[in-house]
Amino acid sequence: KITLILLCSLIPAMHSCKQNAKKEMSEEQKKERRKKRDRAGLRLGKMLNDRDFERAFRYIDSLHREYPNDPQFYFCEGWAYDMLGDSLRARAAYTKSMSIYDSLITAKSNVNDMINRAGIIQILYGMEAYDQALDEMQSVITSPKDSLAIEQVWRGFVFDKEELRFSELSNEAEE
């Protein structure tokens, strides 16, 4: 009887250890997946900077299969189409990226996702819409540090599509 009781008490403990080991392994796998994704982003960035669009589109297709809910890869696809003058495909990819950001923000509010979403809004709808998106961010952000960054940093930037980066807003652009 005592052996049976001990065995019955050990089984849940062993099961718990197995679950913890799986969880740790899962965290390690997640970490490796993030590293792999980051490397893929760097590789894609190089192709885009080199304006090697043919290779970039093939690579983007494979990235969409591997990371179907990564808004940054859809953004890059939109940018590449934009550079080739295909505004319809660019808009579709940007819109898909923004939709994914909306889902991510709804699931877990994240300032970086909000900033990236605002950048897409600027590309699609212009500076007035971008400022409105920043205003909406301000209404939900609780961190004074993030709020200050929006006002002091992001309000003064415009997305430079040619360079694939944000640049300071010049006085000429404000007028």
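The values are calculated or read from the model by the stated rules, or taken from the named source; none is laboratory data. All figures in this text were calculated on a predicted structure; none of them were measured in a lab. Heads up, the Cβs are rebuilt from the backbone with ideal geometry, glycines too, and the neighbour counts pull from every protein chain shown. Note: accessible area is taken over every heavy atom of the protein model, side chains too, but ligands, DNA and RNA are not part of it. Shrake-Rupley method; radii C 1.70, N 1.55, O 1.52, S 1.80 Å.
Values for this structure:
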| item | result |
| --- | --- |
| Residues satisfying the stated conditions in the range 101-116, i.e. closer than 18 Å to residue 73 by Cβ and in contact with an Asp or Glu (Cβ under 7 Å, 6 or more places away or on another chain) | 101, 104, 105 |
| Among the candidates 18, 22, 46, 31, residue that is of a type outside the set (Asp, Glu), assigned to a helix (DSSP H, G or I), over 28 Å from residue 89 (Cα atoms) and at pLDDT 90 or above | 31 |
| In the range 100-129, the residues that are open to solvent by less than 50 Å² (accessible area, probe 1.4 Å), more than 13 Å from the chain's Cα centre (by Cα) and without any contact (Cβ under 8 Å) to a residue 24 or more places away in the chain | 121, 126, 129 |
| Which listed residue, of 97, 62, is open to solvent by less than 60 Å² (accessible area, probe 1.4 Å) and more than 22 Å from residue 121 (Cβ to Cβ) | 62 |
